[in-house]
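Presented below is the structure to which this report refers.
The values are calculated or read from the model by the stated rules, or taken from the named source; none is laboratory data. Quick caveat, the model's predicted, so the values are computed rather than measured. Counting neighbours? That spans all protein chains shown, and the Cβs are built from the backbone with ideal geometry, glycine included. Accessible surface areas use protein heavy atoms only, side chains included; no ligands, DNA or RNA. Shrake-Rupley method; radii C 1.70, N 1.55, O 1.52, S 1.80 Å.
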Amino acid sequence: MAPSGSGSIKRSCRTVVYWIPVVFINLIVAWSYYAYVVQLCIESINNIGEKVVYLLAYHVIFVLFTLAYWQTIFTKPMNPQKEFHLTYSDKEMLAREDRGESQQEVLRRIAKDLPIYTRTMSGAIRFCDRCQLVKPDRCHHCSVCDKCILKMDHHCPWVNNCVGFSNYKFFMLFLAYSLVYCLFITATDLQYFVKFWTNGLPDTQAKFHIMFLFFAASMFSVSLASLFVYHCWLVFRNRSTLEAVRAPAFRHGTDKNGFSLGVSKNFRQVFGDEMRYWLLPVFSSLGDGCSFPTCLVHQDPELPSSPGHQPPPNKPVVGESHQFPAKPLRESQSRLLNRAPSWIENGGAENKERQGTSNPAMSVENET
């Protein structure tokens, strides 16, 4: 009983520690609301028109920022579908093999009907021992959540959640609206911050809130701007933070641009096709998180390869296709997969001709 009780206490302590950054951010936001609305707008601004405009604009930004932040926190990361999990017989078969090569042969047989196109750096099937599943492309195991997360970007302590396929759009909106929030406060508080130093404000507690509010907003603006610009670069390149650190490996080798489909299509993969949802904290990303179109196309091993690219050995013929998943995806999840052929970046007439003769399932690199 003692070990079990000790483990429960440790888990409870970890949970409390993980929520400390979130509580810290919420306390700062609560104080900024009080300082801006009460101390600046209500107590310090005398012009009624200016006061109303500031309050209306502030609350619109504040609501969008708060919704995006809470969506990022409380949207559960998506985990791989059951098709990627090993069955009981698969687990037994894998456990009986004591050599790495034999185990890889079992995993290749299990993954042959799955849309798995990435590999480990050594060329092996990506397999998670803890979750007992074949990892989908761009899926990684989070040591904090102790789960495999679809299109994992990183585990963010400021939201106490994994940022991945299900909430990456919310995370981007959180960064954007928090940056706008800080910039708006900095811009509208500037003239009163100047009055503080020129003794143009009444000697009340409001002047100290105005001063610290300006310092806090301006400092957060710098850090948020750098982080937001970096993630915009990742979105336009269709990379996650993990993929920026280590490029994904395909059968022909590593390719940092393997999932890039062009700036417009990369952006729509995260924010969706409908422009009216882009700025709203509602889920509109394309796809199901398990399969992604790539800029890689099939090459017939009997034909001469294009310059700079050698076709992988023992590559399946173009006529082969995957039947995944067994049951249709929901319409909102399958748009990306259904439109995969139109997302292929054509390098010339040869690519167009090849794309026109292949089926939708073969517009990505077949590496099984």
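A count restricted to region 158-208 and to residues that are among the β-branched types (Val, Ile, Thr), more than 21 Å from LEU55 (Cβ to Cβ) and open to solvent by less than 20 Å² (accessible area, probe 1.4 Å) stands at 2. Residue count for region 88-126 satisfying the condition of being without any contact (Cβ under 8 Å) to a residue 40 or more places away in the chain and within 18 Å of LYS151 (Cβ to Cβ): 1.
Which residues, taken from region 260-288, are out of contact with any helix residue (DSSP H, G or I) (no Cβ under 6 Å at 6 or more places or on another chain), of a type in the set (S, T, N, Q) and touching a residue at least 60 places away in the same chain (Cβ under 8 Å)? Correct list: GLN269 only. Say we look at region 44-86 and pick out the residues that are assigned to a loop (DSSP other than H, G, I, E, B) and within 30 Å of CYS142 (Cα to Cα); which of these is farthest from the chain's Cα centre (by Cα)? Per the criteria, the residue is LEU86. A search for C-beta distances below 8 Å between a residue of region 205-218 that is more than 22 Å from TYR177 (Cβ to Cβ) and at pLDDT below 95 and any residue that is hydroxyl-bearing (Ser, Thr, Tyr) and open to solvent by 30 Å² or more (accessible area, probe 1.4 Å), counting only pairs 6+ apart in sequence or on different chains, returns HIS209/TYR34. Could you check region 202-216 and list, in sequence order, the residues that are among the aliphatic types (A, V, I, L, M) and more than 14 Å from LEU40 (Cα to Cα)? Matches in region 202-216: ALA216 only. If you filter region 264-288 down to residues that are open to solvent by less than 20 Å² (accessible area, probe 1.4 Å) and of a type in the set (A, V, I, L, M), you find that the one that is farthest from the chain's Cα centre (by Cα) is LEU286. Here LEU67 fulfils each of the conditions (1) open to solvent by 70 Å² or more (accessible area, probe 1.4 Å); (2) free of Cβ contacts under 8 Å to residues at least 24 places away in the same chain; (3) closer than 30 Å to TYR192 by Cα apart from (2).
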